[in-house]
1. So, in the stretch 37-56, how many residues would count as being in contact with a strand residue (DSSP E or B) (Cβ under 7 Å, 6 or more places away or on another chain) and either without any contact (Cβ under 8 Å) to a residue 12 or more places away in the chain or surrounded by fewer than 19 Cβ atoms within 10 Å (Cβ to Cβ) (or both)?
2. Could you grab me the full set of residues in the stretch 116-149 that are under 30 Å from Arg240 (Cα atoms), surrounded by fewer than 18 Cβ atoms within 10 Å (Cβ to Cβ) and among the small types (Gly, Ala, Ser)?
3. So which residues in the stretch 468-522 are β-branched (Val, Ile, Thr), outside any helix (DSSP H, G or I) and closer than 17 Å to Thr405 by Cβ, if there are any at all?
4. Which is surrounded by 22 or more Cβ atoms within 10 Å (Cβ to Cβ), modelled with pLDDT of 95 or more and in a helix (DSSP H, G or I), of Ala388, Ala417, Ala408?
5. Where in the stretch 1-104 are there helices (runs of 4 or more DSSP H), lying fully within it, with 1 or more residues that are farther than 28 Å from Asp149 by Cα?
6. Filter the stretch 240-265 down to the residues that are aliphatic (A, V, I, L, M) and not in a helix (DSSP H, G or I) and list them by number.
7. What about Gly430, is it within 23 Å of Val239 (Cα to Cα), under 16 Å from the mean Cα position of the chain (by Cα) and buried (at least 23 other Cβ atoms within 10 Å of the Cβ)?
8. Among the residues of the stretch 267-325 satisfying the criterion of being acidic (Asp, Glu) and in contact (Cβ under 8 Å) with a residue 40 or more places away in the chain, which is surrounded by the fewest Cβ atoms within 10 Å (Cβ to Cβ)?
Amino acid sequence: MSHDHDDRPQLTAAQAAAVLNPPAGRNGGDLVVETLQGLGATTVFGLPGQHALGMFDALRRSSLRYVGLRVENNAGFAADAYGRITGEVAPLLLSTGPGALTSLAALQEAAAASAPVLAISSQIPSAGLGGGRHGYLHELRDQQASVRDIVKSVHTVRTASQIPSAIAAAWESALTAPHGPVWVEIPQDVLLAETTLPVVSAMDASPRELYPRPELTIAAAHLLSNAERPVIIAGGGVVRSDASGKLRALAEKIDAPVVTTFGGKGAFPWEHPLSLRSWLEDRHTTDFLEDADVLLVVGSGLGELSSNYHTFRPRGRVIQIEADAGKLESNHPALGIHSDAREALADLLEAVERREDAGAAERVRTVLEKVRVRIEAQDLTLEQQVLAAVREALPDAAPSFWDMTILAYWAWSAFDARRPNTMHSAQGAGGLGYGFPAAIGAAAADPTKPVLAVSGDGGAMYSIAELATARQYDLPLTWLIVDDGGYGILREYMTGAFGESTGTELARPDFVALAESFGVPAVRTGPESLAADLGKALAAPGPSVVVLPALLRMFEPTHL
């Protein structure tokens, strides 16, 4: 077999000399950062540790910007948000054992939300690998086993020459639809050993494109063109693939109402006549979706939250477009189309015939009115006032990151994200402590926009140390802490189920004084002054904290 090398770049004499005479003093850590630079990385997140020092020392010989957080899990959340905001790979540098394990909850969220995080962990020296009990610091019998159930792929390195290829393979895996976290681990001695390998130059790790099969597009287009009551559910895959424009064009071509999942917030304009918004935890919406004769589900697996806690029972034909093959028909029988959402919507848009339905917008208005009447009957004025104040204060293009807290649960259903890829939460895996460190990652990705984090007082304590990070890097983010004295949503769940709650009440600090001790300006506010105080904080440079003492309640569920 012959190979054509004519299209490969030719080295100049100076470049060839540099290859043959690499600079002295480089080690395996330099190969890591050189590879990341060659792949296009500009920013890395992480936390140093003894076995990983070779990587961290190499950072100072590179052009990579390092954002160091105070807890590995928070560094993982920051990388997750960076990946969501940019659509690019977010490198996360970790140490061995406890450092690696502390990142796992964040990597689970990245997996659930399809965020492209590239975790590069150190390992104990090569002599200790293989499951023996040598007693090395941080030793695990099989560190990879701890992450294998979480990440998309695991890549092992045992020699310096394997480093560039392993990282490039992981990079490609992270960016191949569906995006997700990947894992590379490199022993301490390999990171520290001097190398005479040439400096790593530009590398190609372009992800494989995922296109729909044409016969499935034809079948789906036929169903939609001839439907009487088509409806579209738009999930996070629409946002991640930047397919919001194609979604809108398709919905308008066939006059199909659109509901967005909580992960798909912003995928469809909130005020559009065909917008059912995102009231998925509502029986009126569920009934409407069940009544569709053809239901197009794009970029969603119709999991627990997207199916009103698995009470949703579609009666019509379901078409499911999903980049994760494992989610196809995982909850409902469907015409399953394994594809990136953008590619599939582009093909469908060409293939469907225009369909006019003058009554579609009126049916949408009827559902939204039923939802409004249901919520207004529950005396939840304070909750709606607080959410409206946040919306008023937050610039349309500013991203927001919501922890697992009552105000976020409201926002999933009732908040107008206004723009695609601006509202993010931890609803994929549901771990506490996501909001503030994620906002740090977003602010590092684009410091030209203010970033909002929303937490309860319980979730805030998970990431309070990152106030130091926000101050150290002078990041433009505002942290809204809703202080209700405990784990508010768990208090509601337990009281509803058992009549009283256990373990939900929390002693907590004076958040304003605590923030100020980090050098971060802070203010205590109330529902009436929230919009003004939050707007002022978001407009100011650098980090800030707004504390809202408030006892919020959830709207009544319809799935019980």
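1. Result for the stretch 37-56: 1.
2. Matches in the stretch 116-149: Ala145, Ser146.
3. If the condition is that a residue be β-branched (Val, Ile, Thr), outside any helix (DSSP H, G or I) and closer than 17 Å to Thr405 by Cβ, then Thr478, Ile481, Val482, Thr504 are the ones that fit.
4. Ala408
5. Correct list: 13-20, 28-39, 53-59.
6. Ala243, Ala256, Val258, Val259
7. Criteria not met by Gly430.
8. Top of the filtered list is Glu271.
The values are calculated or read from the model by the stated rules, or taken from the named source; none is laboratory data. In this text the structure is predicted, and so the values were computed from the model without any measurement. Please note: Cβ atoms are built from the backbone with ideal geometry, for glycine as well, and neighbour counts cover all protein chains shown. These accessible areas exclude ligands, DNA and RNA; they are computed on the full protein's heavy atoms, side chains included. Shrake-Rupley method; radii C 1.70, N 1.55, O 1.52, S 1.80 Å.
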